[in-house]
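**Student:** Sharing a structure here in structure tokens format.
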Amino acid sequence: MGQKISITNSNNTQDSRFLSFLKRFSPQKPSLDKNMSPRTGMFAKLTAPSANKPNDFTRLISNSISFASTRTKEYLLFKDPEGKFQPSLQTLTQVFLMNYITQSVNLDLTDTFNCTAMTPEQRILLGADWVWAILKKPTKNPKIQIAVQVLHLPEREEAEERATAGKPISESIQMAQMESRNKNMYERIVDFCTSIGKDCYALFLFFGKRDDKVNIYGVLSNNFEAAVGKCDKIDRALIENFFKGSRYFHTPFGMMQTIFTKKTEEALTLMIKFS
Amino acid sequence: MTALLSSPQSCLHPLRRQFERIMAATQDVKGKGEGGDQNFDYMFKLLIIGNSSVGKTSFLFRYADDAFTSAFVSTVGIDFKVKTVYKNDKRIKLQIWDTAGQERYRTITTAYYRGAMGFILMYDITNEESFGAVQDWSTQIKTYSWDNAQVVLAGNKCDMEEERVVSVDSGRLLAEQLGFEFFETSAKDNINVKQTFERLVDLICDKMSESLDTDPAVTTGAPTAKLTDSAPPLQQPGCNC
Ligand SMILES: Nc1nc2c(ncn2[C@@H]2O[C@H](COP(=O)(O)OP(=O)(O)O)[C@@H](O)[C@H]2O)c(=O)[nH]1
Ligand SMILES: [Mg+2]
């Protein structure tokens, strides 16, 4: 890591790609921040070394998350009119990650706020697709983590299950399934976060919600385990239930800001609209 | 689930109860006839532990994939890789768990100690702190794993002679005190990587045979496959670089 992609010394292809990247980085909600113009990304890059001010930093992270969400949203309802080409649901997760990672590398964020994609085995064992982490300097040990599990529309998940039923699974995947057979995917990510503590959040990222299939939403909490007491287990219905009680959705910026300013041992649960 | 996972356990070697308990967890995965590479006679769970950044993940990558990268990607929680080795015509499937060294992952990583038959406890010869932590890691093994788990102490990054702060002798001495085998290793230059795993497998096999020998009750009617026959000679523990 640590290579800086600067406007002046990278080659032409990189420049134009980078600039078109930034052009696409058009904020959905201009009112989000008055300092923000469509070119903020570039200026942010140019001033990145001084992004020590927590707010600039929070802004850069949340911009990258919003950017990835917006790009992913474009494909949420993709359907081949001939019905032959069916990208897997994993592809959508990959689109999100590719966009997020590219953006965060361009903005030089990775040494401070990193994104670790899980291996296929870890996805099963820990229930997470990727983990975001604020890193402590100089050890680069994680200080705050957000473990993310992507959820797709139920009808799409069912369709995919039908399509992959009976297909061979690799041996190590079978072993991972064996290891975690007593827990569902929701419980696994919550267990993982709970085992770490209140500075580890589980984020269920909904690529489409039942009543709004074209947008990306999330439920984030460091306190899902509290729900286990009330119901006997964590399942999709329990997580979706959080949306019912809530009219207010945070922006990605609001989410990051709340996480960064929260007191250490406090419980926190947020609903977020990402796209 | 597939047939492989649900296939009934047919011919597990009778072992001492502790082994049975550990093997029980692996029985369901043990299968026959699902395609060549899924046949195996034993499955050993191994764990690599030690401070963060001593080279645990790199060590496993070198062994399983024969690859090395100098980028440091801190492991999240736990992960594993599978590798099959052969010993006296027996196929041994190694399920090798890679753990994150940081304190925050202690709960999740120690949960995996219980089923492990062997440990590679790693420190970094260029990092005094990681060597100082060996004692604590050893206590963790004693606390969370079963009594007969075998341990090899590995002083990694022995390619970095210039930056060495832990001598071979202090490594060897500590290993002796703790009753562990010892190697200096390099994931980068591929020194003693295979040897470390092979030695650990030998130690586990020795222990298994010992159990069979000392507990004749469980061996009746069982094939007395001795995995220790023609064990390879001991490797040089030092790092020849
Ligand atoms: N020179 C040298 N560097 C190594 C060796 N093994 C690992 N490293 C480096 O040490 C850093 C940490 O390695 P990693 O395997 O991630 O450590 P872990 O935290 O214990 O899993 C990485 O930058 C590796 O490239 C080695 O044998 N020699
Ligand atoms: Mg690691």
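**Student:** Only one of these conditions is not met by B:V165: (1) within 15 Å of ligand 1 (Cβ to nearest atom); (2) buried (at least 19 other Cβ atoms within 10 Å of the Cβ); (3) not polar (S, T, N, Q). Which number is it?
**Tutor:** (2)
**Student:** B:T84 fails exactly one of the following numbered conditions: (1) modelled with pLDDT of 50 or more; (2) touching a helix residue (DSSP H, G or I) at 6+ places or on another chain (Cβ under 8 Å); (3) surrounded by 17 or more Cβ atoms within 10 Å (Cβ to Cβ). What is the number of that condition?
**Tutor:** Only one criterion in (1) modelled with pLDDT of 50 or more; (2) touching a helix residue (DSSP H, G or I) at 6+ places or on another chain (Cβ under 8 Å); (3) surrounded by 17 or more Cβ atoms within 10 Å (Cβ to Cβ) is unmet by B:T84, namely (3).
**Student:** Just the residues that are within 24 Å of B:N51 (Cβ to Cβ) and open to solvent by 40 Å² or more (accessible area, probe 1.4 Å), please, taken from the range A:142-174.
**Tutor:** A:K143
Rundown of residues vs (1) more than 14 Å from chain A (Cβ to nearest Cβ); (2) at pLDDT 95 or above; (3) away from ligand 1 (no atom under 16 Å from the Cβ), yes/no style:
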| residue | (1), (2), (3) |
| --- | --- |
| B:D159 | yes, yes, no |
| B:E184 | yes, yes, no |
| B:V193 | yes, yes, no |
| B:L203 | yes, yes, yes |
| B:T220 | yes, no, yes |
| B:T224 | yes, no, yes |
| B:L227 | yes, no, yes |
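**Student:** Restricting to the range A:100-129, and then to whatever is in a helix (DSSP H, G or I) and open to solvent by 20 Å² or more (accessible area, probe 1.4 Å), can you tell me which residue is farthest from the other protein chains (Cβ to nearest Cβ)?
**Tutor:** Filtering the range A:100-129 down to residues in a helix (DSSP H, G or I) leaves A:100-106, A:120-126.
Still in the list and also open to solvent by 20 Å² or more (accessible area, probe 1.4 Å): A:101-102, A:105, A:120-121, A:123-124.
Values: A:I101: 13, A:T102: 17, A:V105: 13, A:P120: 10, A:E121: 6, A:R123: 10, A:I124: 11 Å.
By that ranking, first place goes to A:T102.
**Student:** Is it true that A:E157 is touching a residue at least 60 places away in the same chain (Cβ under 8 Å) and over 18 Å from the mean Cα position of the chain (by Cα)?
**Tutor:** For A:E157, the condition - touching a residue at least 60 places away in the same chain (Cβ under 8 Å) and over 18 Å from the mean Cα position of the chain (by Cα) - is met.
**Student:** Let me ask something else about it. Which members of the range B:87-106 meet the condition of being crowded, with 18+ Cβ neighbours inside 10 Å, part of a loop (DSSP other than H, G, I, E, B) and not hydrophobic (A, V, I, L, M, F, W, C)?
**Tutor:** Once the filter is applied, which keeps residues that are crowded, with 18+ Cβ neighbours inside 10 Å, part of a loop (DSSP other than H, G, I, E, B) and not hydrophobic (A, V, I, L, M, F, W, C), the range B:87-106 yields B:G101, B:Q102.
**Student:** Exactly one of these conditions fails for A:I216: (1) surrounded by fewer than 19 Cβ atoms within 10 Å (Cβ to Cβ); (2) away from chain B (no Cβ under 14 Å); (3) more than 16 Å from A:I144 (Cβ to Cβ). Give me its number.
**Tutor:** Result: A:I216 passes all but (1).
**Student:** Another question, if that's okay. Output the number of the condition that A:V190 fails; it satisfies all remaining conditions of (1) under 21 Å from A:I234 (Cβ atoms); (2) surrounded by 20 or more Cβ atoms within 10 Å (Cβ to Cβ); (3) within 11 Å of another protein chain (Cβ to nearest Cβ).
**Tutor:** (3)
**Student:** Same structure, new question: Looking at A:M178, A:M255, which one is open to solvent by less than 30 Å² (accessible area, probe 1.4 Å) and more than 14 Å from every other protein chain (Cβ to nearest Cβ)?
**Tutor:** Details: A:M178 fails: more than 14 Å from every other protein chain (Cβ to nearest Cβ).
The match here is A:M255.
**Student:** Do we have any residue at all in the range B:138-147 that's open to solvent by less than 50 Å² (accessible area, probe 1.4 Å), more than 30 Å from B:E162 (Cβ to Cβ) and in a loop (DSSP other than H, G, I, E, B)?
**Tutor:** Taking every residue of the range B:138-147 in turn, at least one turns out to be open to solvent by less than 50 Å² (accessible area, probe 1.4 Å), more than 30 Å from B:E162 (Cβ to Cβ) and in a loop (DSSP other than H, G, I, E, B).
**Student:** Right, next: Taking the stated definitions as given, is B:T99 more than 29 Å from A:K198 (Cβ to Cβ) and among the hydroxyl-bearing types (S, T, Y)? Lay out the reasoning, then the answer.
**Tutor:** Values: more than 29 Å from A:K198 (Cβ to Cβ): no; among the hydroxyl-bearing types (S, T, Y): yes.
Considered against the rule, which asks whether it is more than 29 Å from A:K198 (Cβ to Cβ) and among the hydroxyl-bearing types (S, T, Y), B:T99 comes out as no.
**Student:** Further question on the same structure: Could you please let me know if B:T75 is within 10 Å of chain A (Cβ to nearest Cβ), within 12 Å of ligand 2 (Cβ to nearest atom) and β-branched (V, I, T)?
**Tutor:** Yes.
**Student:** Pick from the range B:47-72 the residues that are near ligand 2 (Cβ under 8 Å from one of its atoms) and within 12 Å of chain A (Cβ to nearest Cβ): which of them is surrounded by the most Cβ atoms within 10 Å (Cβ to Cβ)?
**Tutor:** My answer is B:T57.
**Student:** Can you tell me which residues in the range A:130-165 are assigned to a helix (DSSP H, G or I) and either of a type in the set (D, E, K, R) or within 14 Å of chain B (Cβ to nearest Cβ) (or both)?
**Tutor:** Selection gives A:E155, A:R156, A:E157, A:E158, A:E160, A:E161, A:R162, A:T164.
**Student:** Hey, another quick one. Within the range A:196-273, considering only helices (runs of 4 or more DSSP H) that don't extend past its boundaries, which have at least 1 residues that are hydroxyl-bearing (S, T, Y)?
**Tutor:** It comes to A:252-261.
**Student:** Right, here's the next one. In the range B:176-199, what residues are in contact (Cβ under 8 Å) with a residue 60 or more places away in the chain and either touching a strand residue (DSSP E or B) at 6+ places or on another chain (Cβ under 7 Å) or assigned to a helix (DSSP H, G or I) (or both)?
**Tutor:** B:T185, B:A187, B:V193, B:K194, B:T196, B:F197, B:E198
**Student:** Among the residues of the range B:87-96, write down those that are under 13 Å from the mean Cα position of the chain (by Cα) and either within 16 Å of ligand 2 (Cβ to nearest atom) or more than 10 Å from chain A (Cβ to nearest Cβ) (or both).
**Tutor:** B:I92, B:L94, B:I96
**Student:** Here's something else I'd like to know. Using the structure shown, decide if B:G118 is open to solvent by less than 10 Å² (accessible area, probe 1.4 Å), more than 17 Å from B:F44 (Cβ to Cβ) and either touching a residue at least 12 places away in the same chain (Cβ under 8 Å) or not aliphatic (A, V, I, L, M) (or both).
**Tutor:** No, not satisfied.
**Student:** Out of B:T84, B:T109, which single residue is assigned to a helix (DSSP H, G or I), within 14 Å of chain A (Cβ to nearest Cβ) and under 21 Å from B:I204 (Cβ atoms)?
**Tutor:** Selected residue: B:T109, the only one of B:T84, B:T109 that is assigned to a helix (DSSP H, G or I), within 14 Å of chain A (Cβ to nearest Cβ) and under 21 Å from B:I204 (Cβ atoms).
The values are calculated or read from the model by the stated rules, or taken from the named source; none is laboratory data. Note that this is a predicted model, so its numbers are computed, not measured. Here Cβ is always computed from backbone atoms with ideal geometry, including for glycine, and neighbour counts include all displayed protein chains. To get the accessible areas, we keep the full protein, side chains included, count just its heavy atoms, and leave off ligands, DNA and RNA. Shrake-Rupley method; radii C 1.70, N 1.55, O 1.52, S 1.80 Å.
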